[in-house]
Structures are given as C-alpha cells and as structure tokens.
Amino acid sequence: MNPTTPTAPELSIIVPAFNEQEGLAAFLSQLFGVLAGCSDSYEVWVIDDGSRDATWEKLRAELARYPQLHGLRFTRNFGKEAAILAGLRQVRGRAVVVMDADGQHPPALLPQMLELWRNGKAHIVAAQKANRDTDTWFARLNARMFNGLMHALTGLDLEGASDFRLLDRRVVDALLSFPEKVRFFRGMTVWTGFTTVPLAFDVAPRIAGTSQWSTGQLMRLAITAITSFSAKPLSIVFRLGLFGMLAAFLLLLQAMYSWITHAAVSGWTSMTVIVLFFGSANLLGIGVLGAYLAQIFDEIKRRPEFLVGEIVPPPAHSLR
C-alpha cells in the first residue's frame, strides 16, 4: 500500500523492544491512553528484536485490546538499528514517531510533538534529554564518552539526543532511500538536513527491568556511527604518520651529531619509549583501517539487515 494514499493514518508509532516482558503491557496502556486524545488516526508497531523472554507472548496478548496494534518479530537479535529500519519499512503514517518500550520516552510528549509538526514548524521533532537523573553514574559516564567521541570524530553534537523523535513522511522516505546496510538512525536523521525542532523532556524511570545497554554495546555503536559518518580517524592516522616521520628525522639529526662529535651513545630508555609508542601507534592505525574495512565488508556482502520471523496481524502489504 502506498503510504501517501488517503487511507494512510496520520500517525505511526515504532517501538523497538528487547526483553521488555515485565513492562510492555503498562507501556502500551500509557501509550494508547495518550494516542486516543491526540490523534484520530494512528497505528502502533512493536518490533521485537529477538527477545529471549516472553515479550512476544505479552505482545500477542495485547492485540485484542488494541485494534491499532501490530507486532513484528525478528528471527534473532539484529540490534535496535535494524528494528527501527523494520518499523520504518512497515509504517504508513504521514508522521512517524520512534520511541522506546521501557517508558523512559514519555508518551505524554506526543501531543507537543504532533502540534509542532501539524503547524508546519518542523519536519523532525527531536526529543532531547533535559537530564539523566534516572541513569546510574556508570550509564551517564558511558553516555558522556559516547557523545564526546561522536562530537570529536564526526562533528555531530548528540549531547542529550535520543532516538525519540517525530519524522515527517518526507524524512522517512528519504531514510528508506539510503542504500547502505550499516545504519545509525540518530545521525542519519541529522544528516538529512530537514527542519528540526528540539523538544526537551525529563527522562522517566523505567517501568520495569534494567537497561540492556552495556559498555561493549555502546562502543560497538560508537564505532559503527563514527565509521559511517566520518573519515576523520583515517586523517588522524595520517597525521600520526607525519609526526612519526618528523620524530625520525630529528633522531637522525641527533644520531649524525653524535657521530660527528664522537659523543657517547645515548641510553636505551628513550629508544624503548619510541619503539613502544610507534609500535602501539601502528597497531592503532591498523585497528582504525580494520574498522573501515569491516564496514565495507558488511556493505558488499549485501545480506538483509534483518530476517522477519512473524508479523501479527498478518500484513495487508508486504515488507519492503
């Protein structure tokens, strides 16, 4: 079905979910309670990213309560970026909102987001975290390191940014036209350049459970995001190589001076430091090149970004 047909709903909600069995029913109750008062035409898609608990069973149990609810389940865990992409390919709304299933993205913000979009003030309404008081100090540290790396190496300022945002249909169509397999939704929406209005919100406590993000997952996300959006790490390696050549030239001059003046040979300490420094720099450079090669490898394999295990109710239109 063409998303631009008259039967397309005004609003679509995409909810990536992973191991959210404890809080999913409460979240859906909050969400549909808000939607009933802010839109006459809407749909909600919950994308189960290969949950290992009873998230899918809990979702199926809620279908009878909410006619606008749909569910899509991956065959395994493919990651949040794949879940968002699957949602974007399924939804038909003229406006699309992506939000988490843990309740930290408050549904109460939806009327304000819709108002900004309806008034033509924004193609993208980007909800930004006014605080992270509900996070642990370790989670805040991880977020600060991630945002710092992204700003330093890509120029994208993601401080306070989240995946909680409203997209106009034009933005959704633009994102779906991008051919790359490896994606970073938060950065790609910024890259499109459509009119964006920030909207601050206080992060609510999780309805249930704990965060599924680990330091290792954030690091992998950072590597994906950086290699997707910037070649700056490669230029840093190049500059490091130039610095090494300059240092080697200075050492050559020092060695020649010592030979001409018959000065005593210097000790091994400085040489050991130099060897360790440039040996580590070489390994770092190889690692940076490896990250970009891995990105290229994932692209040229041209495997699907995800595999769908089940869709409920069965769709009237096929997955693109």
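The values are calculated or read from the model by the stated rules, or taken from the named source; none is laboratory data. Just so it is clear, the structure is predicted and the values come from calculations on it, not from any experiment. Using ideal geometry, Cβ is built from the backbone for each residue, glycine included, and neighbour counts are taken over all protein chains shown.
Somewhere in the range 1-8, is a residue touching a helix residue (DSSP H, G or I) at 6+ places or on another chain (Cβ under 7 Å) and in a helix (DSSP H, G or I)? No - not one qualifying residue is present in the range 1-8.
Glu22 - would you say it is farther than 20 Å from Gln90 by Cα, part of a loop (DSSP other than H, G, I, E, B), out of contact with any Asp or Glu (no Cβ under 7 Å at 6 or more places or on another chain) and assigned by TED's automatic domain parsing to the domain that holds Leu109? Taking the combined requirement at face value, the residue satisfies it.
When the range 52-68 is filtered for residues that are crowded, with 22+ Cβ neighbours inside 10 Å and out of contact with any Asp or Glu (no Cβ under 6 Å at 6 or more places or on another chain), only Leu59 remains.
Name the residues in the range 12-41 that are among the β-branched types (Val, Ile, Thr) and over 25 Å from the mean Cα position of the chain (by Cα), would you? Quick ask: steps written out before the conclusion?
So the first thing to find is which residues in the range 12-41 are among the β-branched types (Val, Ile, Thr), and the list is 13-15, 34.
Of everything in the range 12-41, just one residue is among the β-branched types (Val, Ile, Thr) and over 25 Å from the mean Cα position of the chain (by Cα), namely Val34.
Within the range 107-123, is even one residue part of a strand (DSSP E or B) and at pLDDT 90 or above? No, that holds for no residue.
Of all residues in the range 295-318, those satisfying the criterion of being modelled with pLDDT under 75 and in a helix (DSSP H, G or I) are Gln295, Phe297, Asp298, Glu299.
Within the range 93-106, the set of residues being under 23 Å from Glu22 (Cα atoms) and either polar (S, T, N, Q) or in a loop (DSSP other than H, G, I, E, B) (or both) comprises Met99, Asp100, Ala101, Asp102, Gly103, Gln104, His105, Pro106. Looking across the range 171-198, the residues that are surrounded by fewer than 18 Cβ atoms within 10 Å (Cβ to Cβ) and either hydrophobic (A, V, I, L, M, F, W, C) or in the same structural domain as Tyr292 (by TED's automatic domain parsing) (or both) come down to Leu176, Phe178, Val182, Trp191, Phe194, Val197.
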